[in-house]
1. Could you tell me which of the residues ASN152, ASN165, ASN171, ASN189 is in contact with an Asp or Glu (Cβ under 6 Å, 6 or more places away or on another chain) and either surrounded by fewer than 16 Cβ atoms within 10 Å (Cβ to Cβ) or not aliphatic (A, V, I, L, M) (or both)?
2. Can you pull out the residues in the range 198-235 that are in contact with a Leu (Cβ under 7 Å, 6 or more places away or on another chain) and part of a loop (DSSP other than H, G, I, E, B)?
3. Looking at the range 393-416, which of its residues are under 26 Å from SER292 (Cα atoms), outside any helix (DSSP H, G or I), out of contact with any helix residue (DSSP H, G or I) (no Cβ under 8 Å at 6 or more places or on another chain) and not polar (S, T, N, Q)?
4. What do you reckon, is ASN348 surrounded by fewer than 17 Cβ atoms within 10 Å (Cβ to Cβ) and within 30 Å of GLU210 (Cα to Cα)?
5. Name the helices (runs of 4 or more DSSP H) wholly within the range 72-157 that hold at least 2 residues that are within 29 Å of VAL175 (Cβ to Cβ) and in contact with a strand residue (DSSP E or B) (Cβ under 7 Å, 6 or more places away or on another chain)?
6. Tally the residues that are touching a Leu at 6+ places or on another chain (Cβ under 6 Å) and among the aliphatic types (A, V, I, L, M), restricting the search to the range 384-400.
7. Which ones in the range 417-426 are open to solvent by 50 Å² or more (accessible area, probe 1.4 Å) and part of a helix (DSSP H, G or I)?
8. Within the range 174-189, identify whether any single residue is of a type in the set (Ser, Thr, Tyr), touching a residue at least 60 places away in the same chain (Cβ under 8 Å), over 30 Å from LEU354 (Cβ atoms) and assigned to a helix (DSSP H, G or I), and answer yes or no.
Amino acid sequence: MLGRAEVIRGGKESGSILKSSKAMALILHTSQGNKNAYKALIAAEYASVEVQYTPHFEFGVSNKTPQFLKMNPLGKVPVLETPHGPVFESNAIARYVARSKDDTTLYGSSLIEYAQVEQWIDFSSFELDSNLQRWYYPRLGYGTYLPPAEENAITALKRGLTALNTHLASNTYLVGHSVTLADIIMITNLYFGFTKILVKSFTSQYPHVERYFWTLVNHPNFRKILGQVKQAEAVPPLQSAKKPAQPKDEPKKPAQPKDEPKKPAQPKDEPKAEEEAPKPKPKNPLDLLPPSKMVLDEWKRLYSNTKTNFREVAIKGFWDMYDPEGYSLWFCDYKYQDENTVSFVTLNKVGGFLQRMDLARKYAFGKMLIIGSEPPFKVKGLWLFRGPEIPKFVMEECYDMELYEWTKVDISDEAQKERVSQMIEDFEPFEGETLLDAKCFK
């Protein structure tokens, strides 16, 4: 061992590979934040395997010691120290952890599923991860940046994402009906892309990949390791290749240092401008709309506080308050209902959508119904938005919006008006079917 280890993943020590491991737990040698280590750590969460972190690991120092080089002569991380010897290469480490228990489902339940898990692991590594790295790292100055090489990497990445998007159009997971090691490695590689270089305008071309990624990173076992995931807002700018040449010109003007003291006055002005800029915060366009007779908070209080006679009190109160000039009502239907084959996954999908709608809480009220007693379950919703249209910032910032068909409610149509009332009320049976669940955004 390279020092006293510190436990970061809990689990029982039993199973095919770990039968004799009580004397020595699995020890992971790597620096924190290494996305390749996340593969094993997430697998450990699903397999209930105990993994320990080597504390105070310093990349560039710890991985150059004779002890480390005995485990991996290349000095690369991560390395897993096991009772049977060291394992390096992140996919191999994840495979070891995933197969450390007899009762694991991380490799599927049949020979064909085992092969398909391996298939998607290879796909993720060679079609996605390698091309993401070929695009990202040259922009940071690691290696030579060549526009044709970048174009080739992006083209190959798009081809891979298109294939993945097609598969996910009819599958919730890569293999079978639950998380496997293929999903763990795929999400970890996509995590690198989504957080480093894949901006929203790029990933929106692959809605099934987006749905898959954001659903899984919000699963407890993924979230415990990855934390709150935030998508990259911009492609990293190129480091200027001309900078090294600049010092050659500077010595030609030795008098310049004498002039430099005259310039401090400029920086003094610049911070003032920076300090003043944040003060006038731009108002949300919805705050500039003419006042409405409908006060959204009053409706939300009425909805929450009405426990009996809901139709007579809350529904009647809603229509008395509703202002079609200041607000609009919208029906939404999930575009990919056939995917909703697992109840808890469908519920998590809707729950994640409502979490990401938090940015609109001041301007919206919503009801989401999960319908049916058997799969595939139907997801339908009703939303009340401030203004005559769905707010632009909601459409742009909440990617889930693209996964639904949106239809504006015509309140002059009594049938549509009654449908609105039933959705607010959680009326059952709704359109002839039972409700699996109903969720409210308020």
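1. On the way: ASN152 fails: in contact with an Asp or Glu (Cβ under 6 Å, 6 or more places away or on another chain); ASN165 fails: in contact with an Asp or Glu (Cβ under 6 Å, 6 or more places away or on another chain); ASN171 fails: in contact with an Asp or Glu (Cβ under 6 Å, 6 or more places away or on another chain).
It is ASN189.
2. Our first condition is that a residue be in contact with a Leu (Cβ under 7 Å, 6 or more places away or on another chain); within the range 198-235, this holds for 206-209, 211-213, 217, 222, 225, 232.
Those that are in contact with a Leu (Cβ under 7 Å, 6 or more places away or on another chain) and part of a loop (DSSP other than H, G, I, E, B): TYR206, ALA232.
3. Taking the range 393-416 first, the residues under 26 Å from SER292 (Cα atoms) are 393-398, 401, 406-416.
From what is left, the residues that are outside any helix (DSSP H, G or I) are 398, 406-413.
Now drop any that are not out of contact with any helix residue (DSSP H, G or I) (no Cβ under 8 Å at 6 or more places or on another chain), which leaves 406-408, 412-413.
If the condition is that a residue be under 26 Å from SER292 (Cα atoms), outside any helix (DSSP H, G or I), out of contact with any helix residue (DSSP H, G or I) (no Cβ under 8 Å at 6 or more places or on another chain) and not polar (S, T, N, Q), then TRP406, LYS408, ASP413 are the ones that fit.
4. Details: surrounded by fewer than 17 Cβ atoms within 10 Å (Cβ to Cβ): yes; within 30 Å of GLU210 (Cα to Cα): yes.
Here the answer is yes, as ASN348 does meet what is asked.
5. Working: elements: 90-98, 111-123, 130-136.
Counting at least 2 such residues, we get 90-98.
6. Summing the residues that are touching a Leu at 6+ places or on another chain (Cβ under 6 Å) and among the aliphatic types (A, V, I, L, M) in the range 384-400 gives 1.
7. Taking the range 417-426 as the starting set, the residues that turn out to be open to solvent by 50 Å² or more (accessible area, probe 1.4 Å) are 417-418, 425-426.
LYS417, GLU418, GLU425, listed by residue number.
8. Taking the range 174-189 first, the residues of a type in the set (Ser, Thr, Tyr) are 178, 180, 188.
Applying the additional criterion that residues be touching a residue at least 60 places away in the same chain (Cβ under 8 Å) yields 178, 180, 188.
Then keep just the ones that are over 30 Å from LEU354 (Cβ atoms); that gives none.
No, the range 174-189 has no match at all.
The values are calculated or read from the model by the stated rules, or taken from the named source; none is laboratory data. Just so it is clear, the structure is predicted and the values come from calculations on it, not from any experiment. Ideal geometry is used to build each Cβ from the backbone, glycine not excepted, and the neighbour counts take in all protein chains shown. Accessible surface areas use protein heavy atoms only, side chains included; no ligands, DNA or RNA. Shrake-Rupley method; radii C 1.70, N 1.55, O 1.52, S 1.80 Å.
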